[in-house]
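Working notes, beginning with the structure itself.
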Amino acid sequence: RSLLLARADTAMYAAKRGRQGHEVWAPDGTPASRDRLETLEQLRGALDGEQLDNHYQPKLDLRTGTVVGLEALVRWNHPARGLLYPDVFLPLAEQAGLMRRLALRVLERALRDLQGWRAQGHDLSVAVNLSVSNLQDVALPEQVEMLLDAFAVPAGALVLEITEDVLMADAARSQQVMAGLRRLSVRLSVDDYGTGYSSLSYLRALPVDELKLDRSFVAHLTTDDRAAAIVRSTLQLSRDLGMSMVVEGVEDAASLAALRAWGCDIAQGYHISRPMPAERVLGWLDSRPVRALRVPGARPRV
Ligand code: C2E
Ligand code: MG
Ligand code: MG
Ligand code: MG
């Protein structure tokens, strides 16, 4: 890789981060390639240590007002740079062939945390994101099975989120891996739905349980008739296919109300909760009703 490309990447990550309002990782004048190598070495270390952490973002059932699950989102507590977000280090991990280790780590932590919450009486599921290379890894189903056994978590309480580009890589292999996961009865979800290339063809062929509509459609829900039409018709499509639909990126009350009026099953977004460290989840679940996150008119589940 040329230094120029490495620099361009670093600048891109920094720009993306800046747009999202998170901490900007600014290269401090050192050559970007050295920076990357150093970061990579640190990432290898982090995979064995305590610096990698799962944050969790709740999924709210709009029909009942209950939280049905949490999505694990990996974070890196970097000793010098502070909290790093996945778009800074996932591309590095992917290039360096570290995605299997990363996925197993996130999964193990997620199942351990879920076991704890379920033991406290919360009937929750946990969702873990998988990368393209994870879905090319034929050993994955067996490893997932071992972890489910180890934490005595029922397979149906684990959701694995995959993006549409997974299916572009090596369709035969990823379908084999997906079939192996399905045999375990874990649930499969298509993340960022609507932004990939093969949206409709794979819906016919692949055994997925959930569509997560990309947040770009939700952002303009209340101001753009076309965005609204796409959300409503995707809802209808998911229903007709017998899948559930999660809408991600809900940032305001008006969007939440519209989604609920249209019969949307499940929503996620900053308006409901930002991702939080595992230690805060139980407290958040317990304090939720007084924080006015109840959905107007929702029937509590009995
Ligand atoms: P994703 O799976 O689509 O996750 C949603 C992303 O949007 C998260 O960013 C989340 O913090 C953010 N988000 C949630 N609600 C809102 C909202 O209302 N508004 C806005 N603007 N953003 C919202 P995050 O945590 O930075 O993760 C980015 C992506 O990195 C994820 O997108 C996922 O593709 C990937 N990722 C995260 N953790 C893992 C992991 O453990 N393994 C793999 N392979 N990928 C991961
Ligand atoms: Mg996701
Ligand atoms: Mg997404
Ligand atoms: Mg995404």
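The values are calculated or read from the model by the stated rules, or taken from the named source; none is laboratory data. Since the structure is predicted, the reported quantities are computational estimates derived from the model, not experimental observations. Glycine gets a Cβ as well: all are built from the backbone with ideal geometry, and neighbour counts include every protein chain shown. For the accessible areas, the whole protein counts, side chains as well, though only heavy atoms, and no ligand, DNA or RNA atoms are used. Shrake-Rupley method; radii C 1.70, N 1.55, O 1.52, S 1.80 Å.
Structure values in brief
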{"read-out": "Matching residues, segment 244-270, being under 19 Å from SER233 (Cβ atoms) and among the acidic types (Asp, Glu)", "value": "GLU248, ASP265"}
{"read-out": "Criterion violated by ALA227 - all others in (1) within 16 Å of ligand 2 (Cβ to nearest atom); (2) without any contact (Cβ under 8 Å) to a residue 12 or more places away in the chain; (3) hydrophobic (A, V, I, L, M, F, W, C) satisfied", "value": "(1)"}
{"read-out": "Residue within segment 158-166 that is in a helix (DSSP H, G or I), within 16 Å of ligand 4 (Cβ to nearest atom), within 19 Å of ALA93 (Cα to Cα) and open to solvent by less than 10 Å² (accessible area, probe 1.4 Å) present", "value": "yes"}
{"read-out": "Residue within segment 168-177 that is within 12 Å of ligand 3 (Cβ to nearest atom) and out of contact with any helix residue (DSSP H, G or I) (no Cβ under 9 Å at 6 or more places or on another chain) present", "value": "no"}
{"read-out": "Residues satisfying the stated conditions in segment 246-266, i.e. on the phi < 0 side of the Ramachandran plot and within 16 Å of ligand 4 (Cβ to nearest atom)", "value": "VAL246, VAL247, GLU248, VAL250, GLU251"}
{"read-out": "Hits in segment 68-89 - residues which are more than 15 Å from LEU158 (Cα to Cα), in a strand (DSSP E or B) and touching a strand residue (DSSP E or B) at 6+ places or on another chain (Cβ under 8 Å)", "value": "VAL74, ARG75, TRP76, ASN77, HIS78, LEU83, LEU84"}
{"read-out": "Pick from segment 235-263, criterion under 19 Å from the mean Cα position of the chain (by Cα) and in a loop (DSSP other than H, G, I, E, B), ranking: farthest from TYR193 (Cα to Cα)", "value": "GLU251"}
{"read-out": "Qualifying residue in segment 131-141 (condition: in a helix (DSSP H, G or I), under 30 Å from ASP35 (Cα atoms), touching a residue at least 24 places away in the same chain (Cβ under 8 Å) and more than 16 Å from ligand 4 (Cβ to nearest atom))", "value": "yes"}
{"read-out": "Where ASN77 falls short, out of the listed (1) within 22 Å of GLN268 (Cβ to Cβ); (2) open to solvent by 60 Å² or more (accessible area, probe 1.4 Å)", "value": "(1)"}
{"read-out": "Residue within segment 216-223 that is under 26 Å from ARG75 (Cβ atoms), within 16 Å of ligand 4 (Cβ to nearest atom) and β-branched (Val, Ile, Thr) present", "value": "yes"}
{"read-out": "Residue in segment 206-218 that is nearest to ligand 2 (Cβ to nearest atom), counting only those that are at pLDDT 90 or above and part of a loop (DSSP other than H, G, I, E, B)", "value": "ASP214"}
{"read-out": "Some residue of segment 182-190 being assigned to a helix (DSSP H, G or I), under 18 Å from ALA127 (Cα atoms) and away from ligand 4 (no atom under 16 Å from the Cβ)", "value": "yes"}
{"read-out": "Verdict on ALA127 being open to solvent by less than 20 Å² (accessible area, probe 1.4 Å), in contact with a Ser or Thr (Cβ under 8 Å, 6 or more places away or on another chain) and more than 16 Å from ligand 4 (Cβ to nearest atom)", "value": "no"}
{"read-out": "Filtered residue count, segment 95-106, keeping only those that are in contact with a helix residue (DSSP H, G or I) (Cβ under 9 Å, 6 or more places away or on another chain) and either near ligand 1 (Cβ under 9 Å from one of its atoms) or at pLDDT 95 or above (or both)", "value": "8"}
{"read-out": "Residue within segment 152-161 that is within 16 Å of ligand 1 (Cβ to nearest atom), modelled with pLDDT of 95 or more, among the acidic types (Asp, Glu) and in contact with a Lys or Arg (Cβ under 9 Å, 6 or more places away or on another chain) present", "value": "yes"}
{"read-out": "Test: GLU71 is under 19 Å from PRO277 (Cβ atoms), charged (D, E, K, R) and more than 16 Å from ligand 3 (Cβ to nearest atom)", "value": "no"}
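Okay, residues lined up against (1) of a type in the set (Lys, Arg); (2) within 15 Å of ligand 2 (Cβ to nearest atom); (3) out of contact with any Ser or Thr (no Cβ under 7 Å at 6 or more places or on another chain):
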position: GLU161; (1), (2), (3): no, yes, no
position: LEU167; (1), (2), (3): no, no, no
position: ASP170; (1), (2), (3): no, no, yes
position: LEU241; (1), (2), (3): no, no, yes
